[in-house]
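Colleague: Right, I'll just put the structure down here and ask away after.
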Amino acid sequence: MNAFLRLLALGLLFSSAQAANPPREWTSSDGKSKFQGDLIEFTDKEVKIRHRSNFNQYRLPLDRLSKEDQDYIRGLLREKRRDAGLKEGVYAEKVTGQFVKGVSKQGLNYQLWGNPKLDATKRYPIVIWLHGSGQSGTDNESQLGGSPKVLTTEDNQAERPCFLLAPQCPSLEIGWKNEVADKLLALIADLTDHLPIDENRLYLTGSSMGGFGTFSIAAKYPQVFAACVPLCGGGDVKSAEILKQTPFWVFHGDKDDMVPVERSRVIVEAVKQAGGELMKYTELEGAGHGITGLVYPRTDLHEWLFQQKKTAATPN
């Protein structure tokens with residue numbers, strides 16, 4: 001959690017505008033020396049700085065600078081890495097315009113969709129899709145069933161370019177919680193660290209077990225997601241106070257014979273009773289459990305979802 005939020009904070013502190021490297025006051029690691037200087041070159045080992053008063057250029061090991069200065073340089077390195085992420089980063093070969101399989105460092109199966117023709121100096125949202133119980137397993141294929149693939153069509157990408165991540169839960173008995181949820185957040189953090197993804201536009205959605213997972217992960221990791229769209233799921237009313245901070249659009253069919261519609265009604269009402277004004281709810285008349293094909297093509301959902309953006313990232 002803390003590591004992920006630190007990445008979000010870096011994303012705010014070191015935007016692509018920082019590439020100009022404005023003059024700043026540099027401080028030595030012991031805090032005894034400070035000077036105004038222009039950053040000329042930097043690596044993960046050292047920096048080259050031009051002193052503002054005498055114009056001499058100095059090479060300094062990174063560890064000779066204060067922690068704040070080191071974080072500044074690491075943030076610049078991160079943005080540089082993200083700018084190049086579509087061509088030479090660790091995920092470059094997975095951004096092809098098709099869904100490409102992968103396994104995270106923590107062992108979580110996933111498929112990633114991205115457009116290699118994007119302008120990598122810009123930052124784009126990512127939609128994270130959580131499948132239902134029937135797609136659980138280890139084949140790293142089933143999880144695309146019911147997924148919002150419509151977001152990857154040429155027309156939708158032209159209007160609202162984004163990445164799409166489809167992880168696979170290894171077992172329906174485990175679900176989208178505990179270790180699986182932690183692994184997913186670690187994967188999202190790694191993707192945002194290496195690809196041009198906007199940390200302020202992380203969107204979480206899922207159906208059935210994935211709908212429950214959307215509620216529970218949003219509650220476990222508050223302040224991470226810009227918006228959540230759970231379908232035919234439900235949430236713990238005890239988390240209403242936390243959930244009210246995040247924009248939600250909840251969908252459920254009123255004839256659902258697998259997950260009673262009451263499960264969505266209850267959590268939506270609990271959040272509203274807690275003062276939540278960001279909770280939208282649409283009950284689909286006459287619809288059963290399989291509503292992904294009704295919900296994900298909705299243009300009003302696309303418009304709402306991609307308008308959502310966090311204004312700040314607050315690390316713990």
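The values are calculated or read from the model by the stated rules, or taken from the named source; none is laboratory data. On a predicted model such as this, the values are computed, not experimentally measured, just so you know. Quick reminder, even Gly has a Cβ in these numbers, built from the backbone with ideal geometry, and neighbours come from all protein chains shown. Just so you know, the surface numbers come from the protein's heavy atoms only, side chains and all, with ligands and any DNA or RNA stripped out. Shrake-Rupley method; radii C 1.70, N 1.55, O 1.52, S 1.80 Å.
Colleague: Per residue, how much space in cubic angstrom lies within the convex hull of the C-alpha atoms of region 209-301?
Modeller: 86
Colleague: Could you calculate the contour length gain from R298 to E154, that is, 0.36 nm times the residue separation minus the distance between their Cα atoms, to one decimal place in nm?
Modeller: 50.3 nm
Colleague: What spacing in nm lies between the two simple spin-label points modelled at V90 and Q245, each 7 Å away from Cα in the Cβ direction?
Modeller: With each label point 7 Å from Cα toward Cβ, the separation is 2.8 nm.
Colleague: May I ask you to order 103-112, 165-174, 213-222 by the average number of other C-beta atoms within 10 Å around their residues, highest value first?
Modeller: 213-222, 165-174, 103-112
Colleague: Run the numbers on the chain and let me know its relative contact order in percent, using alpha-carbon pairs under 8 Å that are six or more apart.
Modeller: Over the chain, the number comes to 15 percent.
Colleague: Tell me the net charge near R81. Cut-off is 12 Å between Cβ atoms, R81 excluded, with +1 for each Lys or Arg and -1 for each Asp or Glu.
Modeller: Working: positive: R74, R78, K80, R82, K87; negative: D44, E79, D83, E88, D190, D193.
Counting the neighbours of R81, the net charge comes to -1.
Colleague: Quick check of the Kirkwood formula: for region 263-316, what is the inverse mean of 1/r over all pairs of different Cα atoms, in Å?
Modeller: 13.8
Colleague: Continuing with this model, one more query. Loop only by DSSP, 15 or fewer other Cβ within 10 Å of the Cβ. Give me the GluC sites (Glu not before Pro) in region 241-289 that pass, ordered by residue number.
Modeller: E277, E285
Colleague: Kindly flag which residue pairs out of K101/K280; K244/K280; K101/K310; K122/K310; K94/K309; K67/K105 have an alpha-carbon separation exceeding 22 Å in this structure.
Modeller: Numbers: K101/K280 33 Å; K244/K280 11 Å; K101/K310 29 Å; K122/K310 17 Å; K94/K309 26 Å; K67/K105 27 Å.
From K101/K280; K244/K280; K101/K310; K122/K310; K94/K309; K67/K105, over 22 Å: K101/K280; K101/K310; K94/K309; K67/K105.
Colleague: Considering region 157-316, what Rg and Dmax in Å follow from its alpha-carbon atoms?
Modeller: Calculated on Cα positions, Rg and Dmax stand at 15.1, 44 Å.
Colleague: Continuing with the same structure: Using a 1.4 angstrom probe on the protein heavy atoms only, line up L60, L195 by accessible area, largest first. Don't jump to the answer; show the numbers that get you there.
Modeller: Details: L60 35, L195 0 Å².
Of L60, L195, the descending order of accessible area is L60, L195.
Colleague: Which residues does a label at S33 reach in region 40-72, if reach means a backbone N under 16 Å from a point 7 Å past the Cα toward the Cβ?
Modeller: Of the residues in region 40-72, 46-67, 69-70 have backbone N under 16 Å from the label point off S33.
Colleague: How large are Rg and Dmax for region 148-237 when only the alpha carbon atoms are used, in Å?
Modeller: Gyration radius and largest Cα-Cα distance of region 148-237: 13.4, 39 Å.
Colleague: Another question, if that's okay. Using the Kirkwood radius built from alpha carbon pairs, what does the Stokes-Einstein equation give as D for region 158-199 at 25 °C and 0.890 mPa s, in µm² per second? List each step's numbers first, then the result.
Modeller: Working: Rh = 11.9 Å.
In µm²/s, the coefficient rounds to 206.
Colleague: Please list T138, T205, T292 from largest to smallest accessible area, probe radius 1.4 Å, with all protein chains kept in place.
Modeller: T138, T292, T205
Colleague: A further question on this structure: Between the helical axis of 178-194 and the dominant principal axis of the chain, each derived from Cα atoms, what acute angle in degrees is found, rounded to the nearest 10?
Modeller: 50
Colleague: What is the helix-to-structure angle for 262-273, meaning the angle in degrees between its Cα long axis and the longest Cα principal axis of the chain, kept from 0 to 90 and rounded to the nearest 10?
Modeller: 50
Colleague: Also, I was wondering about something else. Can you report the principal axis dimensions of the chain using only the alpha carbons, biggest first, rounded to whole angstrom?
Modeller: 76, 42, 35
Colleague: Between D139 and R64, what is the spin-label point distance in nm, taking each point 7 Å from the Cα along the Cα→C-beta axis?
Modeller: 5.9
Colleague: Once the convex hull of the alpha carbons of region 73-223 is built, what does its volume come to per residue, in cubic angstrom? Don't jump to the answer; show the numbers that get you there.
Modeller: Numbers: hull volume 16.1 nm³, N = 151.
Spelled out: Cα convex hull of region 73-223, divided by residues, is 107 Å³.
Colleague: Could you please put T43, T192, T299, T152 in sequence from largest to smallest accessible area, using a 1.4 Å probe? Provide the component values of the computation, followed by the final result.
Modeller: On the way: T43 60, T192 0, T299 90, T152 30 Å².
Sorted by accessible area, descending: T299, T43, T152, T192.
Colleague: What is the distance, in nm, between label points placed 7 Å from the Cα along the Cα-to-Cβ direction at N56 and at D119?
Modeller: 4.2
Colleague: Output the relative contact order of region 44-199, whole-number percent, from Cα pairs under 8 angstrom with separation of 6+ residues.
Modeller: Rounded, it is 24 percent for region 44-199.
Colleague: So with the 1.4 Å probe, I'd like the accessible area per residue for the chain, rounded to whole Å². If you can, show how the numbers build up before the last one.
Modeller: Values: 14700 Å² over 316 residues.
About 47 Å² of surface per residue is accessible.
Colleague: Multiplying the sequence separation of K80 and K238 by 0.36 nm and subtracting their Cα-Cα distance, what value in nm do you get?
Modeller: 52.7 nm
Colleague: Need the C-alpha centroid separation for region 122-172 versus region 226-294, integer Å.
Modeller: 20
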